[in-house]
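S.K.: Questions regarding the structure given below will be posed in turn.
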Amino acid sequence: MNKKNIIVISGPSGSGKSSLIEKLFNKYKLNFSISHTTRAIRGKEENGIDYHFVSKNTFETMIEQNEFAEWAKVYLNYYGTSWEEIKNKSDKGDILILDIDIQGAKKIKEKFNEAVLILISPPSLSELEKRLINREKRNDNDIKTRLKIALSELEEFQIYDYIIINDDLDKSFEKLDTIFSAFKNRTQFISNELLEITKNWNN
C-alpha cells in the first residue's frame, strides 16, 4: 500500500468542496476513493461511481470485520472508506483523493501520517447559511443542524495541513492547484526522473 500519495479534502456541506474537487479532476489525472454509505441513492448517482451503496447490516458487518480505514455515522447514515479501496487505488501510482469529513480525516492522519489534509472553509457561517438555503430546499431545523455541525468541524482546523477559505471559487482553486502542484513534486513522485538525469550525466 502506497502511504505517500494520499490527499484528504474536507469541508462542511456548502463550503464548495465538491466544486473544487471537480475542477481538480478536470485538470489532472487522479484516483478518487469511493466511500461506502448506507444512505439512499439520490438523483443520477450510480453505485460504484458516486458511492458504494450498501445496507446497514452490510456496513455494520464490515465494521466488525475491520474492513474500514475510517468510518462515521452522519445524519443517521454510515459513511466509510474501506482498506481495499485505499490499497487498490493508492497502489496505482497516481495521487489518491479522499473526500471525507473531519472524523474521517483524523483517522486517516493517524493511519497515514504522510497524507496531506486540506480543509475547505466558507468565508463565514452567514454565507454558508445562504448557500445552504439557496442550494437545498430544507426546513430551518435542517439548516440549523448543518450549521451546528459545520461549526464543530471548522473548530478542529488544527489537524489540517492547509486551509482554503472559499470566498471565490476561481481564486480558491488557484490555491488548491498550488498546493497540489507542490505535492506532486514531492521526492517520491519525481525521484525516477532525477535518477535518470544523474544516470545520464554519469554516463
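The numbers here are math on the coordinates, done by the rules we state, and not lab data. Since we're looking at a predicted model, the values are computed, not measured. Using ideal geometry, Cβ is built from the backbone for each residue, glycine included, and neighbour counts are taken over all protein chains shown.
S.K.: Under a plain spin-label model, where a point goes 7 Å from the Cα along Cα-to-Cβ, how far apart in nm are Ile41 and Leu76?
M.R.: Inter-label distance under the simple model: 2.1 nm.
S.K.: For helix 169-183, what angle does its Cα long axis make with the longest principal axis of the chain, in degrees from 0 to 90 and rounded to 10?
M.R.: Rounded to the nearest ten degrees, it is 40.
S.K.: Once the Cα atoms of helix 17-27 and of the chain are each reduced to a long axis, what angle between those two axes, in degrees from 0 to 90 to the nearest 10, is obtained?
M.R.: The angle comes out at about 30 degrees.
S.K.: Please compute the modelled spin-label separation between Gln158 and Lys111, points set 7 Å along Cα→Cβ, answer in nm with one decimal.
M.R.: 2.5 nm
S.K.: Taking a ≥ b ≥ c as the square roots of the Cα gyration tensor eigenvalues, with a/c under 1.5 meaning rounded and otherwise prolate when a/b beats b/c, else oblate, which class fits the range 51-148?
M.R.: oblate
S.K.: Right, another one. Where a Cα-Cα gap under 21 Å defines reach, which lysines qualify for Lys23, not counting those fewer than 8 residues away within the same chain?
M.R.: Lys44, Lys89, Lys171, Lys175, Lys184
S.K.: Return the percentage of antiparallel bridges among DSSP beta bridges fully within the range 6-189, rounded to the nearest 5 %.
M.R.: In the range 6-189, DSSP labels about 30 percent of beta bridges as antiparallel.
S.K.: With angles folded into 0 to 90 degrees, how steeply does helix 140-154 sit against the dominant principal axis of the chain? Use alpha carbons for both and round to 10.
M.R.: For helix 140-154, the angle is close to 30 degrees.
S.K.: Select from Val116, Ile100, Ile143 the residue farthest towards the positive end of the dipole of the range 99-150; place +1 on Cβ of Lys and Arg, -1 on Cβ of Asp and Glu, and compute about the Cα centre.
M.R.: Going by the charge dipole, the pick is Ile143.
S.K.: Also: Report the calculated FRET efficiency for Glu174 and Arg135 (r = Cβ-Cβ distance, R0 = 25 Å), to the nearest 0.05.
M.R.: For Glu174 and Arg135, the calculated efficiency is 0.60.
S.K.: For the range 109-124, in order, what is each residue's ³J(HN,Hα) by Karplus, 6.51 cos²θ - 1.76 cosθ + 1.60 with θ = phi - 60°, in whole Hz (x at glycine and Pro)?
M.R.: Each residue's phi maps through the Karplus curve to give 5, 5, 8, 10, 4, 8, 5, 9, 10, 10, 9, 9, 10, x, x, 6 Hz.
S.K.: Could you size up the charge dipole of the range 19-94 around its Cα centre, putting +1 on the beta carbon of Lys and Arg and -1 on that of Asp and Glu, and report it in debye to the nearest 20?
M.R.: Dipole about the Cα centre, nearest 20: 340 debye.
S.K.: For the range 15-113, which chymotrypsin sites (Phe, Trp or Tyr not before Pro) are in a loop by DSSP, counting at most 12 other Cβ atoms within 10 Å?
M.R.: The qualifying sites are Tyr75.
S.K.: Sort the chain into rounded, prolate or oblate with this rule: let a ≥ b ≥ c be the square roots of the eigenvalues of the Cα gyration tensor; rounded if a/c is under 1.5, and if a/c is not under 1.5, prolate when a/b is larger than b/c, oblate otherwise.
M.R.: oblate
S.K.: Evaluate E = 1/(1 + (r/R0)^6) for Glu127 and Phe53, where r is the Cβ-Cβ distance and R0 equals 41 Å; express this FRET efficiency to the nearest 0.05.
M.R.: 0.80
S.K.: Within the chain, which is the longest segment containing none of the trypsin sites (Lys or Arg not before Pro) that sit in a DSSP loop and have at most 13 other Cβ atoms within 10 Å?
M.R.: 139-203
S.K.: Quote to one decimal, in nm, the extra length available between Phe25 and Glu60 on full extension: 0.36 nm per residue of separation minus the C-alpha distance between them.
M.R.: Length gained, Phe25 through Glu60: 9.5 nm.
S.K.: Placing unit charges on C-beta atoms (Lys and Arg positive, Asp and Glu negative, everything else neutral), compute the dipole magnitude of the chain about its Cα centre in debye, rounded to 20.
M.R.: The dipole of the chain has a size of about 120 debye.
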